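Derivation of every value follows stated rules applied to the coordinates shown; laboratory data play no part. Being a predicted model, the structure only gives us computed values, none of them experimental. All Cβ positions, glycine included, derive from the backbone under ideal geometry; neighbour counts span all protein chains shown.
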Ligand code: NAD
Ligand code: DAO
Ligand code: ZN
């Protein structure tokens with residue numbers, strides 16, 4: 001078949017909205033009509049050329065929602081008409097990783113996914129001239145139709161609006177999951193969230209859901225405050241306005257340090273601050289932000305000797321086929337909010353505007369509606 005898609009032709013170049021060829025699903029694969037997709041910083045990271053693993057030409061996009069059109073041989077868990085969210089972290093339920101309750105990093109299709117290929121080692125997309133086009137994060141949601149492995153699709157309820165729940169495909173699950181699955185925050189905790197963007201806001205609402213008492217937000221941009229308060233922030237700190245040492249200020253504010261801190265900036269200096277303002281003896285600091293290629297974190301080892309721990313999380317520690325449908329239910333039941341964070345929507349033809357809005361700091365999430 002043919003489908004409209006936004007093609008990433010090379011690093012630093014705008015996406016080209018065009019028609020491409022798409023082969024049907026092979027064994028254990030599913031053809032999905034994408035109805036809506038968020039545009040995330042990770043797409044921008046790859047498109048900009050900053051991602052050392054970025055491959056071109058490719059169809060980017062990893063935050064989508066849509067409907068199953070056709071299933072390949074051997075597919076048993078999905079049928080045409082099912083509503084789904086593609087998962088860049090699959091859940092095969094069989095590999096060594098899936099069988100270990102300590103991780104969500106299913107490895108069963110990791111190597112081909114990283115090469116922009118389907119699990120059989122070939123792409124399904126090609127140009128109208130027949131040249132191969134690579135997949136991205138196993139999802140390629142910047143195409144109206146895409147082929148995804150069965151193990152990388154979460155089946156969701158049919159009354160959930162695609163243009164909102166697509167955000168659960170990355171940002172919502174990453175932020176809330178970091179609190180619930182990774183940190184396992186207890187009722188009454190004190191927490192500090194560094195970075196109040198699309199991920200940090202979801203950490204805030206995860207903390208509110210978990211019953212944290214004190215939720216401190218830290219951001220250099222004070223325009224983030226109204227939205228952050230709406231999502232549960234109880235105190236705001238702008239590092240640019242703190243005189244003296246930021247760690248000492250935050251330790252004082254939290255009366256000894258926070259039980260949990262979260263980095264949602266991707267800045268390694270911020271990650272150090274986050275670790276060091278966690279409470280002596282038990283404080284945990286969770287790294288969510290993805291740092292630039294080659295960047296390294298550092299602290300004095302005594303920070304860890306004295307009981308702080310440093311951890312990280314991918315996709316909020318969520319096992320997508322199991323957890324994503326539950327998060328969709330939380331949204332539909334009013335336990336979490338998504339709508340205010342979707343600040344802009346646009347048709348596929350205007351997808352480059354989503355990147356412009358992101359660069360200008362004007363959007364939290366832009367969503368392309370097909
Ligand atoms: P964003 O740009 O929307 O938000 C980042 C926020 O950090 C902004 O509000 C900015 O003002 C603030 N900030 C920047 N430097 C700061 C500093 N020195 N001190 C305090 N605040 C500062 O980005 P986002 O979409 O929220 O993503 C945040 C990070 O999470 C990115 O690095 C992204 O790649 C990463 N991410 C990780 C995962 C995962 O699974 N681990 C998933 C998605 C995104
Ligand atoms: O299993 O080795 C692996 C790779 C897991 C990838 C996890 C990616 C998490 C962060 C990327 C940002 C997602 C939008
Ligand atoms: Zn697995």
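Can you tell me which of 289, 316, 130 moves the most in a GNM of the chain? Springs connect C-alpha atoms under 10 Å apart.
Top of the fluctuation ranking is 130.
Checking the a/c ratio against 1.5 first, then a/b against b/c, what shape does the Cα gyration tensor give for the range 175-313?
rounded
When a/c is below 1.5 the answer is rounded, else prolate if a/b is larger than b/c, else oblate, so apply that to the range 58-167 with a ≥ b ≥ c taken from the square roots of the Cα gyration tensor eigenvalues.
In terms of gyration-tensor shape, oblate.
Which residue, 42, 139, 313, tops the fluctuation ranking in a GNM of the chain built on C-alpha contacts under 10 Å?
42
Could you rank the peptides 144-150, 228-234 by their average count of other C-beta atoms within 10 Å per residue, with the highest value first?
Taking the mean over residues of other Cβ atoms within 10 Å, the ranking is 144-150, 228-234.
Roughly speaking, what is the centre-to-centre gap between the range 1-77 and the range 105-140 when only Cα atoms are used, to the nearest Å?
Here the two parts' Cα centres lie 9 Å apart.
How would you rank 44-50, 28-34, 291-297, highest first, on the average number of other Cβ atoms within 10 Å across their residues?
Averaged packing, sorted descending, gives the order 28-34, 44-50, 291-297.
How much length is gained if the chain between residue 235 and residue 158 is pulled fully straight, taking 0.36 nm per residue apart and subtracting their Cα-Cα distance, in nm to one decimal?
Result: 23.9 nm gained on full extension.
Which FRET efficiency value, to the nearest 0.05, is calculated for residue 13 and residue 245 with the Förster distance at 45 angstrom and r the Cβ-Cβ distance?
About 0.55, to the nearest 0.05.
Suppose a student asked you for the relative contact order of the range 26-140, using Cα pairs under 8 Å spaced at least 6 residues apart; what percent would you report?
For the range 26-140, the relative contact order is 27 percent.
Taking Cα pairs under 8 Å and at least six residues apart, what relative contact order does the range 175-313 come out at, in percent?
Worked out over the range 175-313, it gives 22 percent.
In nm, to one decimal, how far is the residue 296 label point from the residue 107 one, both placed 7 Å along Cα→Cβ?
2.5
Residues of the range 214-237 with the amide nitrogen closer than 16 Å to a label point 7 Å from the Cα of residue 252, along Cα-to-Cβ, please.
Answer for this model: 236-237.
Defining a contact as two alpha carbons under 8 Å apart and six or more residues distant in sequence, what relative contact order in percent does the chain show?
18
Note the angle between two axes, namely the Cα long axis of helix 200-210 and the longest principal axis of the Cα atoms of the chain, as a number of degrees from 0 to 90, rounded to the nearest 10.
Roughly 70 degrees, rounded to the nearest 10.
By its C-alpha gyration tensor, with a ≥ b ≥ c as the square roots of the eigenvalues, how is the chain shaped: rounded for a/c under 1.5, else prolate for a/b larger than b/c, else oblate?
Numbers: a/c = 1.85, a/b = 1.70, b/c = 1.08.
Here the chain falls in the prolate category.
Would you mind computing, in nm to one decimal, how far apart the modelled labels at residue 268 and residue 184 are, each placed 7 Å from Cα along Cα→Cβ?
It is 3.1 nm.
When the helices in the chain are scored as -39500 (n - 2.57) per DSSP H run of 4 or longer and the sum is shared across all residues, what 222 nm value do you end up with, to the nearest 500 deg cm²/dmol?
It comes out at -6000 deg cm²/dmol, rounded to the nearest 500.
Got a sec? How would 220, 204 order by Cβ neighbour count within 10 Å, fewest to most?
Lowest count first: 220, 204.
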